[in-house]
Amino acid sequence: MTTQAVDEIKIGGIGASRKRVEDDRFIRGKGNYTDDITLPGMLHMEILRSPLAHARIKSIDASRAWEIPGVHLVLTGDMMATRNLAWMPTLSYDTQAVLATDKVRFQGQEVACVIADDPYIAKDACEAIDVEYEPLPAIVNPTQAQAPGAPVIRDDKENQPDNVIFDWEVGDKAGTDAAFERADVVSKLQLHYPRSHPSPIECCGSIADFNRATSKLTVYMTTQAPHIIRAAVALVAELPEQMIRIISPDIGGGFGNKVPVYPGYVCSILASILLERPVKWIEDKSGNLISTGFARDIYLDGEMALRKDGKILAVRMHTESDHGAFFSDAQPSKFKIGLMHSAFATYDIPFAHLTARGTYTNKAPGGVAYRCSFRVTEAMFFQERMVQAAASDLGMDQAAFRRMNFVKDDDFPHRTPFGFLTDSGQYAKCLDVGLKAIDYDNFRARQAEARKRGKLLGLGISTMTEPLGAGNSREYDILGIKMFDSADLKVHMTGKALLRTGARGQGQGHETTWAQIVAHELGIPAEDVIVEEGDTDTAPFGMGTYASRSTPVAGAAIAMVSRKIRAKARKLAAHLLEVSEEDVEWELGRFYVRSAPDRGVTIQECAMAAYSNMPDGMEPGLENTAYYDPPNLTWPFAVYIVTVEVDPETGVWDVLNMVAVDDCGVRINPMIVEGQIMGGLTEAYAMANMQFITFDAEGNCVGSNYMDYLLPTAWETPGFELHSEVVTPCPHHPIGAKGIGECAAVGGPAAFVNAVIDALDGLGVRNIDMPLLPDRVWEAVTYQRDVSGAPPVRGDE
Amino acid sequence: MTIVYDDTSEDTGSVPVRRIKFTINGKKKIAEVEPRLLLSHLIRRGLALTGTHMGCDTTNCGACTVLVDGKPVKSCTMLAVQVDGHEISTVEGLSGPSELHPLQEGFKEEHGLQCGFCTPGMMMAAKALLDENPNPTEDEIRWALSGNLCRCTGYQNIVKSVLWAAEKLRGSEA
């Protein structure tokens, strides 16, 4: 039988590197970002922020601000308190100040807002607000936070006698202790993963538009999760949910920064309700960098029990995480330290035990998942740094040690050391592809030869197994709302379609990729499918886009809703072909009669019949909605290998080559997947090389603008060589896809650090904390010692 | 063209206003502006050309890059009054009514953008480069774009996009 199926690649189905449809507006400057929206009668809001990290507020005098022509409203904490809005709940069951009433707890905290005709006037008026502070000692790291007699940062809370937020543990302590007793060698590592900021180029902002006549509140907002925001507004502000519409327009990058609820959003909403006019708030870069969701800032301490032949027997870990003044981690797991215990998922290790403590400090609220599935970046970084240290202690080859301890292909499903269930992967094969691409054996020879000439070459390997795509709903929820996602597909009578999902892209190309899944499932050309996201009045309820969950969860929902549509189309086809449904077969884009394959109808003909010629008793139309609750996370795997040359005179290091082997299962749009990987590798390079935010002993944020907070440009960013040879489909995802957006940012940093440490082999340097700034590397080379990046402790100097 | 502020005070004379003339995307304009008004705000709010984005307010990110008399300028740190008598080009002026500029085509062809926020500034900086150097090397492109930050792409595809455009532009002139 000759098939009459449509050609999947030609119609832009799975596997097609389809050019992006969203580009057509962006390249013309016709994107529609929050700040591009202007509403009639719109006012502008600016925020006055605290200059001090920790201080009692003695008084706020806004009288001079009120007098400035063009000022409509000045909001302070006391005014918010009269409406029970001075504090709001966080996504981690803590509270966060909207506008400070009693104390300021970090530099940059929101103290007052001005709403005026023009942002220039609003800014002028902010300067005219007089705030009298009584400075308090600032706490800038977990050690200080736990020192005896340390000032209690959260004295607003009952039952909070100190600065500890949680003590948490997971794993098998007794088994781990026993394994350490049996060990031939115990390898240890201590490091600090510095505070970093996701820093999308577009800052946060909102336009709240409350219409008194209809009682409807519409908010345009830079949010990665519009439905969660709607739920939060309904629950916090006690507004009826049907009267709240959150619209997330084009987003200029998110990377986790645009998941939390920020005080500016709340203030703009209240201002619009009070003034009955649209109120626009657009954050400036300093405001974004000093007050919105930071990431990382965690001390990792661990040890590995080893048999002398190289077998890993057990791992012990302790983490001290710095959460800033409010515990607002945007993470949906039931685990206090996110998915930190995904660490060592790559390796077959029988016993592991993790203890974690979180503390408050006088820093902006941290703990957003910056291109990361909730602490997985830290977990994988520690895993791969620890593995390198262990191999080095045993005198074993880095690649051979990894290969020996990898989870083997036929060991899946595999229980990780801390209890996750991984389901698929070809770890050794990925490593082999990477080693071949970097020319491993010859590099080691070149390295030895270069050493003789005083040149320091290094090679770093990093692997990562990332738990992506929360949830399942048994273990993952936000404020009790389960982590599923959704898709709604309407096929019009001409066979064209409108697809909406509960996700919200920020550059990942959803408008392009989602249509490809429909094309794959139904044979409707991708160009005939328009994709919409981000409007809570039209999109089905979903949990948004972060943690690389869109393809694993919303993408699965798209496949499932397409299959529902196909099931109904099959009934229509049987009716049109005048045969029973059992006699109808499907090939891409077409149903045909099994016994007479030439007799068939296209999916488009079925669509027309759904509106014009349906069988008796059938409900008209061809529309459906699917909600998808994944049975497990997806588990992509990757190997990243970097070679570097370190200049011992200056401490500067250059990347010679970088190879990335990503196995993310089925690739829907290979071009877009590669774009995601290159973006992630760049952020990995950034964190390893230059990008961190630190604080001085007074709690001043050093890195409040792009002069001080260094992001890599086109000039220093290295080139990357990507490999896609290894494909292990996800066994439970309807189209076999796994998450990919974050993998390179998660697994990449350790490759760079391992490469630099490898270059210093023999100098007695076990660790240099990120970022590997030239002065740190120079110090390590010159004094032949480890270099810590831990922030300063008051009184040190 | 003018910018209208609400007359909310009796003493409106306290805000000085300057009258400037300039050309933007080939069209001549007159504006009355506060001397402190930033060029980026004149473009975005005064002229409603929202393709020029603002990212950092401190001349670092380059999202607001426009051309002033053909030279790339970060419009968030230039005052509107400074363009009096000058010529501005923005992303909206890149394409003709029916035809895209090769840079716009190149960015789409080579997947040189993701969220799209840096893209207009990136393309304007690239245009300034290609106007001066129609056959740049990869290093020359990387250097010319080093004042423009992108958080999504890792730059590799941006470089390819500019090379794509350069080749097409050279072909069309041959």
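The values are calculated or read from the model by the stated rules, or taken from the named source; none is laboratory data. Since this is a predicted model, take the numbers as computed values, not measurements. Don't worry about glycine lacking a Cβ; one is built from the backbone with ideal geometry, like all the others, and counts go over all protein chains shown.
Among the residues of segment B:43-54 satisfying the criterion of being within 18 Å of A:D284 (Cβ to Cβ) and among the hydrophobic types (A, V, I, L, M, F, W, C), which is surrounded by the fewest Cβ atoms within 10 Å (Cβ to Cβ)? Selected residue: B:I43. Candidates A:I768, A:I757, A:I740, A:I693: the one that is within 30 Å of A:E134 (Cα to Cα) and crowded, with 22+ Cβ neighbours inside 10 Å is A:I693.
For segment B:136-143, the criterion of being within 7 Å of another protein chain (Cβ to nearest Cβ), of a type in the set (D, E, K, R) and buried (at least 24 other Cβ atoms within 10 Å of the Cβ) is met by no residue. When segment B:114-131 is limited to residues that are of a type in the set (A, V, I, L, M) and within 11 Å of chain A (Cβ to nearest Cβ), the one that is farthest from the chain's Cα centre (by Cα) turns out to be B:A126.
Would you confirm, using the coordinates I've provided, whether A:T465 is more than 17 Å from A:E725 (Cβ to Cβ), in contact with a Ser or Thr (Cβ under 8 Å, 6 or more places away or on another chain) and crowded, with 24+ Cβ neighbours inside 10 Å?
So A:T465 passes the test.
To keep it simple, each residue is scored yes or no on (1) over 23 Å from A:T377 (Cβ atoms); (2) modelled with pLDDT of 95 or more.
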{"residue": "A:T465", "(1), (2)": "no, yes"}
{"residue": "A:G469", "(1), (2)": "no, no"}
{"residue": "A:Y476", "(1), (2)": "no, no"}
{"residue": "A:I481", "(1), (2)": "yes, no"}
{"residue": "A:A487", "(1), (2)": "yes, yes"}
{"residue": "A:Q508", "(1), (2)": "no, yes"}
{"residue": "A:W514", "(1), (2)": "yes, yes"}
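If you check A:S580, A:S612, A:S550, A:S562 for being surrounded by fewer than 20 Cβ atoms within 10 Å (Cβ to Cβ), in contact (Cβ under 8 Å) with a residue 40 or more places away in the chain and polar (S, T, N, Q), only one passes: A:S612.
Just one residue in the set A:T682, A:T717 is outside any helix (DSSP H, G or I), over 19 Å from A:G789 (Cβ atoms) and within 10 Å of chain B (Cβ to nearest Cβ); that residue is A:T717.
Do we find that A:G523 is farther than 17 Å from A:A737 by Cβ and more than 23 Å from the chain's Cα centre (by Cα) in this structure?
Here the answer is yes, as A:G523 does meet what is asked.
Looking across segment B:60-77 at every residue that is in a loop (DSSP other than H, G, I, E, B) and within 12 Å of chain A (Cβ to nearest Cβ), the one that is farthest from A:D35 (Cα to Cα) is identified as B:N60. Selection of first residues in segment A:489-501 that are over 11 Å from A:I524 (Cα atoms) and of second residues that are in a loop (DSSP other than H, G, I, E, B) and among the charged types (D, E, K, R), restricted to Cβ pairs under 6 Å at least 6 apart or on distinct chains, gives the following pairs, ordered by first then second residue: A:T501/A:E533. The residue of segment B:92-107 that is nearest to the other protein chains (Cβ to nearest Cβ), among those that are touching a helix residue (DSSP H, G or I) at 6+ places or on another chain (Cβ under 7 Å) and of a type in the set (G, A, S), is B:S95.
The helices (runs of 4 or more DSSP H) found entirely in segment A:1-116 that carry 3 or more residues being more than 13 Å from chain B (Cβ to nearest Cβ) are A:63-66, A:77-82. Any chance segment B:148-159 includes a residue that's assigned to a helix (DSSP H, G or I), of a type in the set (G, A, S), over 17 Å from the mean Cα position of the chain (by Cα) and more than 18 Å from A:R28 (Cα to Cα)? No, segment B:148-159 has no match at all.
Listed conditions (1) in contact with a Leu (Cβ under 6 Å, 6 or more places away or on another chain); (2) surrounded by 24 or more Cβ atoms within 10 Å (Cβ to Cβ); (3) modelled with pLDDT of 95 or more are all met by A:S373, apart from (3).
Just one of the listed residues (B:D57, B:D84) is at the interface with another protein chain (Cβ under 7 Å from one of its Cβ atoms) and surrounded by fewer than 24 Cβ atoms within 10 Å (Cβ to Cβ), namely B:D57.
Determine which member of the set A:V185, A:V219, A:V236, A:V164 is in contact with a helix residue (DSSP H, G or I) (Cβ under 7 Å, 6 or more places away or on another chain) and either surrounded by fewer than 24 Cβ atoms within 10 Å (Cβ to Cβ) or closer than 27 Å to A:G358 by Cβ (or both).
A:V185
Scanning for something surrounded by 24 or more Cβ atoms within 10 Å (Cβ to Cβ), touching a helix residue (DSSP H, G or I) at 6+ places or on another chain (Cβ under 8 Å) and closer than 19 Å to A:Q383 by Cβ, does segment A:356-364 turn up at least one residue? Among the residues of segment A:356-364, not one is surrounded by 24 or more Cβ atoms within 10 Å (Cβ to Cβ), touching a helix residue (DSSP H, G or I) at 6+ places or on another chain (Cβ under 8 Å) and closer than 19 Å to A:Q383 by Cβ, which makes the answer no. Across segment A:526-539, the number of residues qualifying as under 22 Å from the mean Cα position of the chain (by Cα), assigned to a loop (DSSP other than H, G, I, E, B) and not hydrophobic (A, V, I, L, M, F, W, C) comes to 3. Listed by position, the strands (runs of 3 or more DSSP E) contained in segment A:553-632 that have at least 2 residues being out of contact with any Gly (no Cβ under 7 Å at 6 or more places or on another chain) and farther than 24 Å from A:D528 by Cα are A:596-602. Scanning segment A:242-290 for residues that are farther than 20 Å from A:A97 by Cβ and free of Cβ contacts under 8 Å to residues at least 60 places away in the same chain yields A:Q242, A:M243.
What number of residues within segment B:83-108 satisfy the criterion of being assigned to a loop (DSSP other than H, G, I, E, B), out of contact with any strand residue (DSSP E or B) (no Cβ under 6 Å at 6 or more places or on another chain) and in contact (Cβ under 8 Å) with a residue 60 or more places away in the chain?
The number of residues fulfilling the criteria is 2.
Residues in segment A:257-269 that are of a type in the set (S, T, Y) and in a helix (DSSP H, G or I) were compared, and the one that is nearest to the chain's Cα centre (by Cα) is A:Y265.
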